[in-house]
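Asks: Quick one: the structure is below, and I'll ask about it shortly.
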Amino acid sequence: MDSDLSPQDKKDLDKFIKFFALKTVQVIVQARLGEKINTCSSSSPTGSDWFNLAIKDIPEVTHEAKKALAGQLPGIGRSMCVEISLKTSEGDSMELETWCLEMNEKCDKDIKVSYTVYNRLSLLLKSLLAITRVTPAYKLSRKQGHDYVILYRIYFGDVQLTGLGEGFQTVRVGIVGTPIGTITLSCAYRTNLALMSSRQFERTGPIMGIIIDHYVERPFTNMAHMHPCSYRAPGEDEGGTYAGIEDSQEVCTTSFSTSPPSQLYSSRLSYQTPALGTVDLCHPTACTAAAHPHQMVVPGKEGGVPQVPAQPTHGTAAEHGRIPSCPTGQSPQLAPPTSCSSEVKTVSPSDALETTFTRKVGAFVNKATTQVTTTSLDLPFAAFAPRAYDLQENDPMVHPPPSPAPSSPLQGSLHSNTSSHSGGQPQDDFVMVDFKPAFSKDDLLPMDLGTFYKEFQNPPQLASLSIDVSVQSMAEDLDSLPEKLAIYEKNIDEFDAFVDTLQ
Amino acid sequence: MNCRSEVLEVSVEGRQVEEAMLAVLHTILLHRSTGKFHYKKEGTYSIGTVGTQDVDCDFIDFTFVRVSSDELDRVIRKAVAEFKDALGNSGSDGMGQISLEFYQKKKSRWPFSDECIPWEVWSIKVNVVNLANEQERQICREKVGEKLGEKVINIVEVINRHDYLPKMPTQSEVDNVFDTSLKDVQPYLYKITYQITDSLGTSVSTTMRRLIKDTLAL
C-alpha cells in the first residue's frame, strides 16, 4: 500500500491528516465556547491558514490536542475523539456529544494527495463548521454561564459512547478517501436531556437563603483539580516515526499547478519557518485561560449577574435572584477568543437587580417571599408599586370621610386611581379623602380644581337621554320626518349653492 | 454530464422566509466557495483564505455559518429579498421556489453565444404558513430551527458525496468556472432564480419564459 505512494506524497498526507485533526479540534472547541465566531477572508494567502480556511488556533487547545495525539496520527483503529460535556455549578456533569475522527481500511489509491485530498479535507472542515452549529449542544453552549459550563476532553484510541445515554443520535459530517484509508468524521450526540431538566427543576425548589453560598465565591474553583484524562494507548511508540512532522512552527504554503486539460501535475508544499516564530503570528489574541485549559467559561451572557429573561428558555438553568453582595469581581478572568472584527465583551452593568423579586416563575405570580413587602396591598400590581411607600398613618392626606357622598362605582374607581396621589390605601370599601389633584393651586379662587371636580363629577343626566322623554321625542321625530324631507327638497338649490361655496 | 439536482422543502412563517433562505443558501455557498486564486508563472496558483462568520437568526432558533464576504452576502440578501417580495405580492397561497444553480460556461464558436451548463442545482421549495397566535409562533421558531438543522445535514451529506466538480481551470479559463468578481472569495459560477407557484400549483409564466429562453440559447 505504502509502496504505491511516493515518499513525498506520504509525507504530505501525514501532514494533512495531522493538521486536519488539529483544526478539527479547534473548530469543535471554538463552536462550544458560547460565542459567535468571526474570522476574516483574505484574498492573499497568509501561509499559515491550513486548508485555505481562517480557523484560529487557541494555543491551549492545540496543546491539549497534541498531548492527546502524542505524536501519533488518527489511523485505522486509532480514532481521535473530542468529548463535549456539561458541568453544572453543583458539580453534576453530563456528556453531550462525542466527535470522532476515524479512519477505515477502504483506500482510494488513485486519488491525488496534494490536490484532491487537500481540497476535500477543506470541504470537510467547512461541513464541520456548519454541523457544529446544528447539534443540540450548540444552543446549550451559547447559554452557558454561571449555572453550567461546557467542557471538552480529547482522547485517542477507541471511541466511547456509553456516556451519551440511551437513544443517542449520530450525524456523519463527511468522509474523505485517501490512499491509506478513508477518513470519516462524525458526531454522536445525546438526545435524552431529561436527567438535566429534572435536576433543574429540583434546584428551583429551595428559596434563596439556603443556597446562598453558591454565589458567594467562584462556583468552579474546585475545577482547578480537575484534569480531563487524555488517554494514551500503552505500549505505543511515541513520535519516532513522525519526527519530521512534530513541529509547531510549521507554516503551510500551498501552491497548485494546473496543466490543461487534465489534472496531471505535481504540486509541492513548501515549508517555511517564519522569522518570528509560531503559528500564532496570525492570531494576535487568544484565549488567556491558562489556569483551566479544559473549561471554557466566558462571562455569562447576562453579564456578571444574570438578568431575569422575558421568556423562559428551554433546557437551561432556572433563573435565580441574585444577592447584590455577590462580588462582581468573581466573573472569570478568561477572555473569550477574539477574532478579526471582534466585539469586546463587556459585563453588563445592570447588576442592580431589585432584591424585592426573587425567581420569576411567571409574570405577576405572587410567590410568598419575605422580601416583597408590598404584597399585602389589595392594589392590583401592588408588587410593582414603589418601595418607598408611605404608610397610611404617616400620610397627612388621609382623613376619615368628611360628609356622606353618593356612592357610585365611579367614585370607587376614582379612589383607586387617585390613591397614588393621595397616598391613601383603600383597604376598606371607600375611604373619603380630600382630593388634592396634582399641580393645582387653591390660593386665588374660592373653588379649586379638586372641589370643582368633586362637585361636577356627577352631573345630572341629559334630558334628552332620559328614558321617559326619549321615547316620546323619538316618535315625534319620526312623524315629522316626511315634512322635513319635503322642505329640504324644495330648498335643494340653496343647499347646492352652499356646497359650491365650500369648494 | 448530468446535472445534479437537489430539492429541499421548508415550511415557514412569513417573517421567517428571509432568514431561512439565507441560512440554506449561505450554507451551500460556504461549501461552494474557495479563496481567490492567484496564478503564478509555470501554471501554478495559490488560493486565498476563506473566513467564516456565525449568523444568529432573529425569527428562528437557529445559527448558520456563512462565508465572510460582505459583497457576497449583499448579493444573496438582494436575491432573497426579491423572492420574499414576490412571494408576498403574488396573491397565491404563499408557495414558491428559489433555485441556486451552479454552472460552467462553455465557449462556443461565433456566432453562437457561450453556453451555460449547470452542474448542480439546489431548489428550495417554500411554503408560507399563517399562524394565529404568539404561542404558535414560539413553537414555530423552534420547529423551523430544527428543520433548518436537518436541511444543513442534508446539504452536507450531498456535498460530501464528492460527486462531480468542475476541474480546476487555468488562468484563461477561470472565469468559465468561478465567479471572480468578488474581491475576497471566489464562489463557483452561480445564479439564483425563483418562481412563485400560483394557486393551481403550476407556474405557467416562468415555465414558458424558460422554454423560450432555452430554445433561443441553442
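The values are calculated or read from the model by the stated rules, or taken from the named source; none is laboratory data. Small disclaimer: the values here were computed from a predicted structure and weren't measured. Note: ideal-geometry Cβ built from the backbone for every residue, glycine included; neighbour counts use all protein chains shown. Protein only, heavy atoms only, side chains kept; ligands, DNA and RNA dropped before computing areas. Shrake-Rupley method; radii C 1.70, N 1.55, O 1.52, S 1.80 Å.
Asks: At pLDDT below 90, open to solvent by 70 Å² or more (accessible area, probe 1.4 Å) and aromatic (Phe, Trp, Tyr): which single residue out of B:Tyr164, B:Tyr194 fits that description? Break it down stepwise before answering.
Replies: On the way: B:Tyr194 fails: at pLDDT below 90.
It is B:Tyr164.
Asks: Still on this structure: Residue under question is B:Ser11, and the condition is that it be among the hydroxyl-bearing types (Ser, Thr, Tyr), over 19 Å from B:Ile155 (Cβ atoms) and surrounded by 16 or more Cβ atoms within 10 Å (Cβ to Cβ); does it hold?
Replies: no
Asks: May I pose another question? For residues that are out of contact with any helix residue (DSSP H, G or I) (no Cβ under 9 Å at 6 or more places or on another chain) and in a helix (DSSP H, G or I), scanning just segment A:102-135, find the one that is nearest to the other protein chains (Cβ to nearest Cβ).
Replies: In this case the residue turns out to be A:Arg120.
Asks: Considering only residues of segment B:88-133 that are acidic (Asp, Glu) and part of a loop (DSSP other than H, G, I, E, B), which is least open to solvent (accessible area, probe 1.4 Å)?
Replies: Per the criteria, the residue is B:Asp114.
Asks: Still on this structure, please answer the following. Listed residues B:Lys41, B:Lys36; which is within 29 Å of A:Ser42 (Cβ to Cβ) and at pLDDT below 90?
Replies: Matching residue, one of B:Lys41, B:Lys36: B:Lys41.
Asks: I'm told B:Gly145 meets every condition in (1) within 11 Å of chain A (Cβ to nearest Cβ); (2) open to solvent by 80 Å² or more (accessible area, probe 1.4 Å); (3) over 18 Å from A:Val117 (Cα atoms) except one. Can you identify the failing condition by its number?
Replies: B:Gly145 satisfies all of (1) within 11 Å of chain A (Cβ to nearest Cβ); (2) open to solvent by 80 Å² or more (accessible area, probe 1.4 Å); (3) over 18 Å from A:Val117 (Cα atoms) except (2).
Asks: Sticking with this one: Can we say A:Lys67 is open to solvent by 20 Å² or more (accessible area, probe 1.4 Å), more than 26 Å from A:Gly165 (Cβ to Cβ) and in contact with a strand residue (DSSP E or B) (Cβ under 7 Å, 6 or more places away or on another chain)?
Replies: So A:Lys67 does not fit the description; no.
Asks: Name the pairs: first residue in segment A:160-173 and assigned to a helix (DSSP H, G or I), second residue open to solvent by less than 90 Å² (accessible area, probe 1.4 Å) and not aromatic (Phe, Trp, Tyr), Cβ to Cβ under 7 Å, at least 6 apart or on different chains?
Replies: Once the first residue is assigned to a helix (DSSP H, G or I) and sits in segment A:160-173, its partners that are open to solvent by less than 90 Å² (accessible area, probe 1.4 Å) and not aromatic (Phe, Trp, Tyr) give A:Gly163/A:Glu95; A:Leu164/A:Glu95; A:Leu164/A:Thr98; A:Leu164/A:Ala188; A:Leu164/A:Arg190.
Asks: Considering only segment A:148-182, how many residues are charged (D, E, K, R) and in contact with a His (Cβ under 8 Å, 6 or more places away or on another chain)?
Replies: Total meeting the criteria: 1.
Asks: So which strands (runs of 3 or more DSSP E) stay within segment B:20-70 end to end and still have 3 or more residues that are closer than 17 Å to B:Lys183 by Cα, at the interface with another protein chain (Cβ under 7 Å from one of its Cβ atoms) and open to solvent by less than 30 Å² (accessible area, probe 1.4 Å)?
Replies: B:44-47
Asks: Among the residues of segment A:130-138, is any surrounded by fewer than 18 Cβ atoms within 10 Å (Cβ to Cβ), in contact (Cβ under 8 Å) with a residue 12 or more places away in the chain and more than 27 Å from A:Ile37 (Cβ to Cβ)? If you could, list the steps in order and put the result at the bottom.
Replies: Here is the first cut: in segment A:130-138, the residues surrounded by fewer than 18 Cβ atoms within 10 Å (Cβ to Cβ) are A:136.
Filter again for in contact (Cβ under 8 Å) with a residue 12 or more places away in the chain, leaving A:136.
Next, from what is left, pick out any that are more than 27 Å from A:Ile37 (Cβ to Cβ): none.
Among the residues of segment A:130-138, not one is surrounded by fewer than 18 Cβ atoms within 10 Å (Cβ to Cβ), in contact (Cβ under 8 Å) with a residue 12 or more places away in the chain and more than 27 Å from A:Ile37 (Cβ to Cβ), which makes the answer no.
Asks: Restricting attention to segment A:139-165, which residues are more than 27 Å from the chain's Cα centre (by Cα) and either open to solvent by 30 Å² or more (accessible area, probe 1.4 Å) or β-branched (Val, Ile, Thr) (or both)?
Replies: From segment A:139-165, those more than 27 Å from the chain's Cα centre (by Cα) are A:155-162; that's our starting set.
Those that are more than 27 Å from the chain's Cα centre (by Cα) and either open to solvent by 30 Å² or more (accessible area, probe 1.4 Å) or β-branched (Val, Ile, Thr) (or both): A:Asp158, A:Val159, A:Gln160, A:Leu161, A:Thr162.
Asks: Here's a follow-up. Can you tell me which residues in segment A:26-42 are more than 9 Å from chain B (Cβ to nearest Cβ) and aliphatic (A, V, I, L, M)?
Replies: If the condition is that a residue be more than 9 Å from chain B (Cβ to nearest Cβ) and aliphatic (A, V, I, L, M), then A:Val27, A:Ile28, A:Val29, A:Leu33 are the ones that fit.
Asks: Taking segment A:3-53 on its own, how many of its residues are open to solvent by 20 Å² or more (accessible area, probe 1.4 Å) and closer than 23 Å to B:Cys57 by Cα?
Replies: Total meeting the criteria: 6.
Asks: Just need a number here: residues in segment A:43-79 that are in a helix (DSSP H, G or I) and at the interface with chain B (Cβ under 9 Å from one of its Cβ atoms).
Replies: Total satisfying the criteria: 1.
Asks: For the list (1) in a helix (DSSP H, G or I); (2) within 9 Å of chain A (Cβ to nearest Cβ), I need the number of the one condition that B:Lys167 fails.
Replies: It is condition (1) that B:Lys167 fails.
Asks: If B:Asp175 satisfies every condition in (1) farther than 29 Å from A:Thr132 by Cα; (2) loosely packed, with under 14 Cβ neighbours inside 10 Å; (3) free of Cβ contacts under 8 Å to residues at least 60 places away in the same chain but one, which is the exception?
Replies: (3)
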